[in-house]
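Read through the structure below, which is laid out as structure tokens, and then see the notes.
The values are calculated or read from the model by the stated rules, or taken from the named source; none is laboratory data. Worth saying up front: this structure is predicted, and the values here are computed from it rather than measured. Cβ placement follows ideal geometry from the backbone for every residue including glycine, while neighbour counts extend to all protein chains displayed. Just the protein is used for accessible areas: all its heavy atoms, side chains included, with ligands, DNA and RNA removed. Shrake-Rupley method; radii C 1.70, N 1.55, O 1.52, S 1.80 Å.
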Amino acid sequence: MDRVAKLASQKAVVIFSKSSCGICHAVKRLFYELGVGPAIYEVDEDSRGKEIEWCLMRLGCNPSVPAVFIGGKFVGSANTVMTLHLNGSLKKMLRDAGALWL
């Protein structure tokens, strides 16, 4: 858990992903289109990826990826991020975390 918390706090937006995951790709693209450059950790390319996935599932992310952190806090997976985007809350969260300037 400490490793996930440390990684999640290194940048305003952090996404844990798998390189072969289509939903992960969609979430990453959303952030790029909003003008945010998130830190991305591909758990399938990490030697301790299974451990990271286990920690993400303990946080409530099921499936384990994509897992999005904003301002060092766990936001959720794709459904939560898309809901926040559609209701207009995501941009405010990104501004508050210093990830978005507009």
Within region 78-100, the residues that are closer than 16 Å to Glu33 by Cα, in contact (Cβ under 8 Å) with a residue 12 or more places away in the chain and part of a loop (DSSP other than H, G, I, E, B) are Ala99, Leu100
Can you confirm whether region 21-30 contains a residue that is surrounded by 12 or more Cβ atoms within 10 Å (Cβ to Cβ), small (Gly, Ala, Ser) and in contact (Cβ under 8 Å) with a residue 24 or more places away in the chain? yes
Filtering region 44-72 down to residues that are among the aromatic types (Phe, Trp, Tyr) and surrounded by 15 or more Cβ atoms within 10 Å (Cβ to Cβ) yields Phe69
So, Asn87, is that one open to solvent by 90 Å² or more (accessible area, probe 1.4 Å) and at pLDDT 95 or above or not? yes
From the options Ser17, Ser9, residue that is at pLDDT 95 or above and either among the aromatic types (Phe, Trp, Tyr) or surrounded by 13 or more Cβ atoms within 10 Å (Cβ to Cβ) (or both): Ser17
Given the conditions (1) out of contact with any Phe, Trp or Tyr (no Cβ under 8 Å at 6 or more places or on another chain); (2) in a strand (DSSP E or B); (3) open to solvent by less than 30 Å² (accessible area, probe 1.4 Å), report the number of the one that Val75 does not fulfil. (1)
Please count how many residues of region 90-102 are within 14 Å of Val13 (Cβ to Cβ) and open to solvent by 30 Å² or more (accessible area, probe 1.4 Å). 8
